[in-house]
Amino acid sequence: MSRILSKIGKIGRRAMKREMLTSHVSGLSILSEDILKTDVEDWKNETVVFAWQGEDHRPLKKALEIKEGSTIFSIASSGYNPSMLLLENPAKIVMVDNNPSQIAWCMLYFSAIKNLTYEEFRSLIGFGKGGTTTSDERGRIYDSLRGSLPSKALVYWDFHRETMSKSGMYLFATCLRLWGLEKFAPIAHSQETLDKFLSFADIGQQRVFYEEQWDTWRWRRAFILAHLNISPTIFRPFMDLLPDLAPRWLNRFREICTSVPNMDNPHIEIFLTNKISGKYSLPDFWKREYFAPIRDRLDRFELIHVDANEYFERTSEKFDGFVLSNVGDAYSKGEHDQWVTRAIKRGKPGSRITYLSVAGTDKGWPDAEKDSIQVEQELSDSLVIQGVERGILWDDLHIATLKN
């Protein structure tokens, strides 16, 4: 789940000084002292919400068709999707977020990539073998990064050092801890059945196993009940819709699990266990082979602490592609249309715009812009059919191309 928090309880609480938006791209600019705009004492008690947002970078890469030298806009969130887009060799990726704790998260996360070994990085985040790292060792790794952090991010992480050292950065965030998804799979299936389900690399065998052993009435009931009791902290805009959303998510889960092998889908282990054990599927952005290439291109990031709507109104930047995440889920239809329209106005001819929506809640493309965009429905549909889309919470990725 991505950046809807800027709409939920955040707007109006922290007024940021209006100023011209300037580029910070020089050196490792994502650690610049002047990025965070609000007083850290106002938000240092807050816990990062999103360290896993359930989005999938693979369909984004396919949809955006990034060309060398492109300029890309993305909601920052946890920084995962933007980091994978670096591998497509864009000239610049502008990451924007209104939530200062998410900005502080990105600063520590990218400092870790820049300054740590892969093994130390894995231990700080808390995935794979790094999940067994002791609190003392994780605290030592964090301390080695303190000198790289700008002052406000340092105050924030020093305040949360003990909690983060116990859990790792990944489970420090509230989204997964409050969701509690790991509690419902054991109601329906034994650990042995769960382990076998997660270990399938052959989609044909997995499909048979799903139909014959996994998809029981007990499983369906556990899934529905679990999603009717989701914390409002995470799904506040959808609480009244949960009776309708839970069956949709169950159907989406089935669709994904009969299209994509679980050994190639880290979302499934996270969804069922709340863990990334490393025994099954790792997210691409945490795989060893991508660690150095991402690190070598971190200077192509521009990190901006601002409301994304305000950013589009004030920037002179033009973009070749947009990752709007599911920000529009927190908006009314009118607000959603304004949000997407602002992005369209900042696009170059031929640029691609993408956004997500929670399954069954899509607000569509702005009617007033229908003549300026080509909706890529066939491409969107193909991402699920071809097993590219692996996310469970969403409708198909919404894609449009700006006409010349």
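The values are calculated or read from the model by the stated rules, or taken from the named source; none is laboratory data. Given the structure is predicted, the values throughout are model-derived calculations rather than measurements. Note: ideal-geometry Cβ built from the backbone for every residue, glycine included; neighbour counts use all protein chains shown.
Could you tell me which numbered condition THR361 fails, if it satisfies all but one of (1) of a type in the set (Val, Ile, Thr); (2) at pLDDT 95 or above; (3) part of a loop (DSSP other than H, G, I, E, B)?
Unmet condition: (2).
Let me spell it out: the conditions are (1) within 25 Å of SER380 (Cβ to Cβ); (2) part of a loop (DSSP other than H, G, I, E, B), and VAL96 meets all of them except one. Which number is the exception?
(2)
Please find, among ALA292, ALA343, the residue that is assigned by TED's automatic domain parsing to the domain that holds GLN377, hydrophobic (A, V, I, L, M, F, W, C) and surrounded by fewer than 20 Cβ atoms within 10 Å (Cβ to Cβ).
Criteria check complete, one pass: ALA292.
Can you spot a residue in segment 322-330 that is of a type outside the set (Gly, Ala, Ser) and part of a helix (DSSP H, G or I)?
Within segment 322-330, one or more residues are of a type outside the set (Gly, Ala, Ser) and part of a helix (DSSP H, G or I).
Just to be sure, is ASP367 in the same structural domain as VAL323 (by TED's automatic domain parsing) and surrounded by fewer than 18 Cβ atoms within 10 Å (Cβ to Cβ)?
yes
Which numbered condition in (1) of a type in the set (Asp, Glu); (2) under 20 Å from the mean Cα position of the chain (by Cα); (3) within 21 Å of ILE294 (Cα to Cα) is the only one that GLU182 fails?
So the condition that GLU182 fails would be (3).
Are any of the residues in segment 346-354 in the same structural domain as GLU389 (by TED's automatic domain parsing), within 18 Å of ALA76 (Cα to Cα), in a loop (DSSP other than H, G, I, E, B) and at pLDDT 95 or above?
Scanning segment 346-354, I find at least one residue that is in the same structural domain as GLU389 (by TED's automatic domain parsing), within 18 Å of ALA76 (Cα to Cα), in a loop (DSSP other than H, G, I, E, B) and at pLDDT 95 or above, so the answer is yes.
Within segment 110-155, count every residue that is closer than 22 Å to ILE276 by Cα and either of a type in the set (Gly, Ala, Ser) or outside any helix (DSSP H, G or I) (or both).
Of the residues in segment 110-155, 14 are closer than 22 Å to ILE276 by Cα and either of a type in the set (Gly, Ala, Ser) or outside any helix (DSSP H, G or I) (or both).
Give me the pairs, please: first residue somewhere in segment 144-162 and assigned by TED's automatic domain parsing to the domain that holds PHE121, second residue anywhere and charged (D, E, K, R), beta-carbon distance under 7 Å, and either six or more positions apart or on two chains.
PRO150/GLU33; SER151/GLU33; LEU154/ARG146; VAL155/LYS44; TYR156/LYS44; PHE159/LYS44
Could you check, for segment 269-285, whether at least one of its residues is touching a strand residue (DSSP E or B) at 6+ places or on another chain (Cβ under 7 Å) and either at pLDDT 95 or above or among the polar types (S, T, N, Q) (or both)?
no
Before we move on, is GLU317 in contact (Cβ under 8 Å) with a residue 60 or more places away in the chain and surrounded by fewer than 19 Cβ atoms within 10 Å (Cβ to Cβ)?
yes
When the residues of segment 114-135 are narrowed to those that are surrounded by fewer than 21 Cβ atoms within 10 Å (Cβ to Cβ) and touching a residue at least 60 places away in the same chain (Cβ under 8 Å), which ends up nearest to SER148 (Cα to Cα)?
LYS114
Applying the selection to segment 270-283, what residues are in a helix (DSSP H, G or I) and closer than 14 Å to GLY391 by Cβ?
ILE270, PHE271
In segment 320-338, what count of residues is obtained for those that are aromatic (Phe, Trp, Tyr) and crowded, with 21+ Cβ neighbours inside 10 Å?
1
Could you go through segment 174-191 and let me know if any residue there is touching a helix residue (DSSP H, G or I) at 6+ places or on another chain (Cβ under 7 Å), at pLDDT 95 or above and surrounded by fewer than 17 Cβ atoms within 10 Å (Cβ to Cβ).
Among the residues of segment 174-191, not one is touching a helix residue (DSSP H, G or I) at 6+ places or on another chain (Cβ under 7 Å), at pLDDT 95 or above and surrounded by fewer than 17 Cβ atoms within 10 Å (Cβ to Cβ), which makes the answer no.
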